[in-house]
Amino acid sequence: MSHIENVSRRRFLKGAFGAGALILAVRYIPPVFGQAIAMDGQTDADRATLRPNLFVGIQQDGTVYIVAHRSEMGTVVRTTLPLVLADELDADWTRVKIDQAIGDKRYGDQNTDGSHSIRSFFDTLRECGAAARWMLIQAAALQWNVPASECSTELHTVVHKATGRRLGYGDLASGAARLPVPKNEQIQLKKPSEWRYIGKGMTSYDLEKLCTGKAIYGMDARMDGMVYASIERPPVFGGKVKTLDDQEALKVAGVHQTVSIDPFKPPAAFQPLGGVAVIADNTWAAFQGRKKLKITWDDGPNESYDSVEYKKELRETAHKPGKLVRNVGDSDKAFPTAKNVFEADYYVPLLAHAAMEPLVALAEFKDGKVTAWAPTQNPQAAQAIVSSKLGIPIEDVICHVTLLGGGFGRKSKPDYVAEAAVLSKKLGRPVKVVWTREDDIKFDYYNAVAAMYLKAAVDEKGKPTAWLQRSVFPPISSTFDVNAVYGDPGHLQQGWTDVPYDLPNIRLENGPAQAHVRIGWLRSVANIYHAFGVQCFTDELAHRANRDPVEYMLDLIGPPRTLDFTNVDYPNYGADYKTYPWETGRLRQVIEMVADKSGWAKKKSGKGHAFGFAAHRSFLTYVATVVEVEVSDDGEIRIPRVDTAVDAGLVVNPEATRAQFEGAVVFGTSIVRSGEITAKNGVIQQSNFNDYPVARMNEVPVKTNVYITESAAAPAGVGEPGVPPFVAAFCNAIFAATGKRVRELPLSSNSMFG
Amino acid sequence: MVKLKVNGIDRTFDGDPNMPLLWYLRDILGLTGTKFGCGMALCGACTVHKNGEAIRSCVTPMSAAAASEIRTIEDVGANGLHAVQQAWMETNVPQCGYCQSGQIMQAISLLKSNPHPTDQEIDDTMAGNICRCGTYQRIRQAIKLAAGKIA
């Protein structure tokens, strides 16, 4: 779907690469990602527009510039995607410089979430690299006056084997720049056997900087003449300032002034929440001044939100018939006649992102234009919200992307960038808005709280004859549409619509829930609660049937087949179903792989020391996980070992992929042990790592083994898919060790474990 | 007036003596390698050395840093990478990297006082440093690798 054109004269490129560089650009039609607005805050019209993109430039000194248009938050995508281009270009990686893109729709989708950077841009970047290589070959052939077909490339060099002539890429750059860009059919992509980097991978381009304190994050951005801002936001979502007394705040040394920020008009989307900003010489002074503000608030419509009551409501809704999401057979008919029926409620609370770098943005409004520096996963959304809040054209918002100190989905929502821009316009100078950890926890776009009800009728072997699942959660779409109460297909698909069991009667439903906070996406999103409910309930049934959980799961999944989603709203993570079908055979394979590698058959679970298992497909990747736990008599839980098998299709960077799956189990450990956001009178009750603890070194799995399937299938996601099966497998292991079923997360507030 | 040494350079500070060392380093001196994570000594991202000991700069007021020698991540690798930094690179520890300055400063201080820590001792010391990306397994590995190199 891409079309390459030579755009070397465009103004835009000069800044990026300077004159004299061979520059290629691509018109790229991004695949539609997810469903409607919820996934990335852009409109359908935005997505439908053709978006030209620019990915590579070669200087006459041989330096190859490759543009990283996705955001680096630890997945190493800033290295891995350019590496794909470098491979097809036959470039010497030591002569590659990576240029981080600003937000610009011509790159196509830049919203670095949904674990789709590689799959969405693998082909495009290969074509860009191959096109550049083609032009270098043509230029050499012209210079040597030989047919291009006699020329080939070695590392960073075009070679004419017959005469032994060689020319470096730098020497050919200006000649190649005069040539037309090849048509797609002229480009020759390498055979996989010729790949230099793809499948082998590379360590992070930024590795040394990351180990020496030299890496620049949003928190480290500086601009001459900038001031620092700390914002007191309405404690209740949708609230606004009633009265303000800033006299004491203004007395704090270093504080310049206070500035009010208007409350948003619903829906909240990515707008600033409003409040009062304290402007100061340095971050500390801004924090101190803020503490002295005296504000009374009009709390608005969410002032009675209470998460304890809300949990009861969700649970009640989950016990009532909901909206049908998918149906096989006739469960309603099958249940009443069944002999053995089991049911269970599962619950996962609101979760916060808590990336190590609190939200921060620096922006300057000058001459009607904004220049921002931000650790954002979505610079185009930052452009859009700044443009709309300031009433300036989107092209007049330049959003630079720094390194991100973690993102996990929070930094896809650029409310903090808009805050900095709004303040800079009011103050006429650059403003750096620094969120405290407390702000970061209290004003998140939380992963949805979810109640699930599951019911199964089973035969004499314990195998389900009928299956009912009902999931209730405030949808992400509520952040963009105040009337939204049902899950959108993009999130229902996440481990709910696509339950892969081969059963005669399956009924999947979704009930309504009104949001009282901003709901957003967090690493693995709805898969977190859906895999927890489905995979733990399946484990319950296996134990009730006195069957081995792995063998039982394989029985439920049934023979290898492609799931049929005819007449089902199943977006498949925005990917083409022909390229990325849901294949139960691949899930079976990772299950068999993890069983083998972990020695599952020989493992004997008993009191205090046991093993748990779960398997799940998300973001088009198949994962199966075995977790070993030790539970002491006083209930302390250790995790000596995790084994996880992954089929993510073709893996470009195996080392980075392993790291993502190692990290996923740590992320999952936090969710199981202690992840919980609660609210009373509309106010979020957690504030920092003391009351929103995340996993520390002494609490996480001691050893995580990651096994990556060798696969030629199309590349799929790796950032998120490790979390959901770990969460379920961990809870299943706890059951095996204690006989106590974890149906509510986290353990810290579960009366059986806390 | 607070006098102190930062990375070997004499400094004086005449601002609010309650200002935490973290913000002096970051906002006044521009040494941004030391990170802000929580402001309450809960996460360790702000770890620096004061007279050779690992401290949390986010809760250390300037008055408490007076007359001391402060060392930050910028100085650790200034004359060639420290063995701990080398081990970090060899083990490919960082993901986002934001916490790693603090992790490295903590690890250097651990190995100074205990050149051959056990797994338990590593866990006990490093448990104060949060990594949300979850690089703990590699941090433990890198500390052992560095311990072997330093010895």
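The values are calculated or read from the model by the stated rules, or taken from the named source; none is laboratory data. Since we're looking at a predicted model, the values are computed, not measured. Cβ: placed from backbone, ideal geometry, glycine included. Neighbour counts: every protein chain shown.
Taking the range A:73-87 as the range and being more than 8 Å from chain B (Cβ to nearest Cβ) and not polar (S, T, N, Q) as the test, the residues that pass are A:Val77, A:Arg78, A:Leu81, A:Pro82, A:Leu83, A:Val84, A:Leu85, A:Ala86, A:Asp87.
What do you reckon, is A:Ile66 modelled with pLDDT under 95 and touching a helix residue (DSSP H, G or I) at 6+ places or on another chain (Cβ under 6 Å)? Against the criterion (modelled with pLDDT under 95 and touching a helix residue (DSSP H, G or I) at 6+ places or on another chain (Cβ under 6 Å)), A:Ile66 qualifies.
Strands (runs of 3 or more DSSP E) wholly in the range A:111-225 with at least 1 residues that are under 23 Å from the mean Cα position of the chain (by Cα), crowded, with 17+ Cβ neighbours inside 10 Å and not hydroxyl-bearing (Ser, Thr, Tyr) - which ones? Because the criterion is at least 1 residues that are under 23 Å from the mean Cα position of the chain (by Cα), crowded, with 17+ Cβ neighbours inside 10 Å and not hydroxyl-bearing (Ser, Thr, Tyr), no strands (runs of 3 or more DSSP E) in the range A:111-225 meet it.
Rundown of residues vs (1) within 16 Å of A:Phe532 (Cβ to Cβ); (2) touching a His at 6+ places or on another chain (Cβ under 6 Å); (3) surrounded by fewer than 22 Cβ atoms within 10 Å (Cβ to Cβ); (4) not assigned by TED's automatic domain parsing to the domain that holds A:Pro571, yes/no style:
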{"site": "A:Lys425", "(1), (2), (3), (4)": "no, no, yes, yes"}
{"site": "A:Ala466", "(1), (2), (3), (4)": "no, no, no, no"}
{"site": "A:Arg470", "(1), (2), (3), (4)": "yes, no, no, no"}
{"site": "A:Ser478", "(1), (2), (3), (4)": "no, no, no, no"}
{"site": "A:Asp481", "(1), (2), (3), (4)": "no, no, yes, no"}
{"site": "A:Tyr486", "(1), (2), (3), (4)": "no, no, yes, no"}
{"site": "A:Leu492", "(1), (2), (3), (4)": "yes, no, no, no"}
{"site": "A:Pro512", "(1), (2), (3), (4)": "no, no, yes, no"}
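Against the criterion of being of a type in the set (Asp, Glu) and within 14 Å of chain B (Cβ to nearest Cβ), A:Asp306 does not qualify. I need a count of the residues in the range A:338-362 that are buried (at least 20 other Cβ atoms within 10 Å of the Cβ), among the hydrophobic types (A, V, I, L, M, F, W, C) and in a strand (DSSP E or B). Here the count works out to 6.
Scanning the range B:85-97 for residues that are out of contact with any Pro (no Cβ under 9 Å at 6 or more places or on another chain) and facing another protein chain (nearest Cβ under 9 Å) yields B:Gln85, B:Gln86, B:Met89, B:Asn92, B:Val93, B:Pro94, B:Gln95, B:Cys96, B:Gly97. Selection of the range A:302-332 for residues being buried (at least 19 other Cβ atoms within 10 Å of the Cβ) and assigned to a loop (DSSP other than H, G, I, E, B) yields A:Tyr305, A:Gly322. Do the conditions hold for A:Pro349, that is, is it within 28 Å of A:Ile279 (Cβ to Cβ) and either of a type in the set (Gly, Ala, Ser) or modelled with pLDDT of 95 or more (or both)? Judged against the criteria, A:Pro349 is not a match. Within the range A:188-238, the residues that satisfy the criterion of being basic (Lys, Arg) and touching a residue at least 24 places away in the same chain (Cβ under 8 Å) are A:Lys190, A:Arg196, A:Lys200, A:Arg222, A:Arg233. Looking at the range A:254-303, which of its residues are within 14 Å of another protein chain (Cβ to nearest Cβ) and farther than 14 Å from A:Val227 by Cα? Residues satisfying the conditions are A:Gln288, A:Arg290, A:Lys291, A:Lys292.
The set of residues in the range A:485-495 being modelled with pLDDT of 95 or more and either part of a loop (DSSP other than H, G, I, E, B) or closer than 18 Å to A:Ile385 by Cβ (or both) consists of A:Val485, A:Tyr486, A:Gly487, A:Gln493, A:Gln494, A:Gly495. Within the range B:39-60, residues that are surrounded by fewer than 24 Cβ atoms within 10 Å (Cβ to Cβ) and at pLDDT 95 or above have Cβ atoms under 8 Å from residues that are of a type in the set (A, V, I, L, M, F, W, C) and in a strand (DSSP E or B) in these pairs: B:His49/B:Ile55; B:His49/B:Ile70; B:Lys50/B:Ile70; B:Ala54/B:Val48; B:Ile55/B:Val48, counting only partners at least 6 apart in sequence or on another chain. Residues being over 19 Å from the mean Cα position of the chain (by Cα) and more than 14 Å from chain B (Cβ to nearest Cβ) are represented in the range A:696-707 by at least one member.
When A:Ala382 is tested against (1) on the phi < 0 side of the Ramachandran plot; (2) assigned to a loop (DSSP other than H, G, I, E, B), only condition (2) is not met.
For the range A:336-367, a residue qualifies if it is out of contact with any Leu (no Cβ under 9 Å at 6 or more places or on another chain) and either within 14 Å of chain B (Cβ to nearest Cβ) or basic (Lys, Arg) (or both), and the qualifying residues are A:Lys339, A:Ala354, A:Met356, A:Pro358, A:Leu359, A:Val360, A:Leu362, A:Lys366. Look through A:Phe365, A:Phe335 and report the one residue that is at pLDDT 95 or above, more than 30 Å from A:Val308 (Cα to Cα), among the aromatic types (Phe, Trp, Tyr) and surrounded by fewer than 24 Cβ atoms within 10 Å (Cβ to Cβ). Being at pLDDT 95 or above, more than 30 Å from A:Val308 (Cα to Cα), among the aromatic types (Phe, Trp, Tyr) and surrounded by fewer than 24 Cβ atoms within 10 Å (Cβ to Cβ) holds for just one of A:Phe365, A:Phe335, which is A:Phe335.
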